[in-house]
Amino acid sequence: MKIAILDDYQSVALEMADWTDLKGRVEITVFNDHLSDFEALVRRLEPFDVICVMRERTPIRRELIARLPKLKLVASTAPGNAAIDVNAAEERGIKVVGTGYRSTPTIEMTWALILASVRNIVTESNSVRSGGWQVGVGEELEGKTLGVMGLGRVGGAVARIGAAFGMKLIAWSQNMTAQAAEAVGAKLVSKDALFEQSDLLTIHLVLSDRTRGLVGARELSLMKPTARLINTSRGPIVDESALIDVLKRRKIAGAVLDVFEQEPLPASHPFRGLNNVLATPHVAYVAKDLYRTFYGDTVKNIGDWLDTR
């Protein structure tokens, strides 16, 4: 069996698990780059029986599945993957498996990014590295209003940490109840009030037809000029062109982004040049312990699948 491990950006997939359990049964090829061109991707994946995907980095859509006659198993990280067309796979008799997951790295990274933004950590560090000294004045969190869009596993924990900083908590999502907000010490407000009142507004929603473009020009226009928008969930939840517009016109203080409409982010993208954007390359979930879970479970999933053949 030929196995392809895709999008191993850090070249760590083979180090994060004991792949020797599959020795003699499979031939493994690791790809460290990302292919966006569809035809090039088809040519790359045609020889493989098993494709290992890291989250949504490479979508496995119906049109791709139709071009891969040898494909028998898609091994994804995390329990579910919206970028895999499960129905198309099932129609072809292709098995789709997932792994364990936990939200801890994303919760921690959200706060790392918030603190880095409000205290100008990147700018101050770069100043020291270049021979300079203090160049800015940071902001405090205590007493500020933290708006949380979505109070699931990530949003609820992010809210509780905000409370520990002494922040006022408000929250909104399409199905949120006052009781759910109160459970984490937050007050349920309207969507408009969330944008109007938040000093920091952090998004923690699953991408779906209901949430795609949920944050658009109208919502962004309601924000304070001193406010920041944080998105460590999924890029398409926010209308990217509208966000770029308010950032260029300095209508909000800044944006903190770990996710984007197109990933990897194009080299010429405006986010790369705006000095009121703190951007990271979708690394909120990228942590050693979680990677060990991802790849360890992947090895087991492949081994179990081989045993049934």
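What follows draws every value from the coordinates through simple rules; no lab data is involved. Because the structure is a prediction, the values reported are computed rather than measured. Neighbour counts are summed over all protein chains in view; Cβ atoms, including those assigned to glycine, are modelled from backbone coordinates with ideal geometry.
Which loop-located trypsin sites (Lys or Arg not before Pro) does region 170-247 contain, where loop means any DSSP state but H, G, I, E or B and the Cβ has at most 16 other Cβ atoms within 10 Å?
On the way: sites: LYS187, LYS191, ARG210, ARG212, ARG218, ARG228, ARG234; in loops: ARG210, ARG212, ARG234.
Hits after loop and neighbour filter: ARG210, ARG212.
If each DSSP helix of 4+ residues adds -39,500 (n - 2.57) and the sum is divided by the residues in the chain, what number results at 222 nm, nearest 500 deg cm²/dmol?
Working: 11 runs with 100 residues, N = 309.
Calculated at 222 nm, the ellipticity per residue is -9000 deg cm²/dmol.
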Placing each pseudo-label 7 Å from Cα in the direction of the beta carbon, ALA217 and GLU27 end up separated by a distance in nanometres of 5.4 nm
LYS70: which lysines have alpha carbons under 22 Å from its alpha carbon, excluding same-chain residues fewer than 8 sequence positions away? LYS2, LYS23, LYS95, LYS300
What does the extension gain come out to for LYS70 and ALA112, with contour length at 0.36 nm per residue minus their alpha carbon separation? 10.8 nm
Amide H neighbours of LYS144 under 5 Å, at least 5 residues apart or on other chains, H built in the peptide plane: list them. LYS168
One quarter of the C-alpha convex hull surface, i.e. the mean projected area of region 140-275 in nm², amounts to 7.8 nm²
Amide H to amide H, which residues 5 or more places from SER173 or on other chains are under 5 Å from it, using H placed in the peptide plane? GLY150
Cut-off under 17 Å on the C-alpha distance; same-chain residues fewer than 8 positions from LYS72 excluded. Which aspartates and glutamates are left, in chain and number order? GLU27, GLU46, ASP49, GLU63, ASP85, GLU90, GLU91, ASP304, ASP307
Taking θ = phi - 60°, what integer Hz values does the Karplus form 6.51 cos²θ - 1.76 cosθ + 1.60 yield along region 113-126, in sequence order, with x for Gly and Pro? 6, 4, 5, 4, 6, 6, 9, 6, 5, 5, 4, 5, 5, 5
In sequence order, what are the phi-derived ³J(HN,Hα) couplings for region 140-150 according to the Karplus relation 6.51 cos²θ - 1.76 cosθ + 1.60 with θ = phi - 60°, rounded to whole Hz, with x for glycine and proline? 8, 9, 4, x, 7, 9, 9, x, 10, 9, x
Tilt relative to the chain, helix 288-307 - C-alpha long axis, 0 to 90 degrees, to 10: 30 degrees
Mind listing the phi-derived Karplus ³J(HN,Hα) values for region 207-213, rounded to whole Hz, using 6.51, -1.76 and 1.60 with θ = phi - 60°, and x for any glycine or proline? 6, 8, 4, 6, 9, 4, x
Give the separation of the Cα centroids, region 64-80 to region 121-138, in Å. 46 Å
Quick note on TYR295, TYR9, ordering by fewest other C-beta atoms within 10 Å, gives TYR9, TYR295
Please state the relative contact order of the chain as a whole percent: Cα pairs under 8 Å, 6+ residues apart? 16 percent
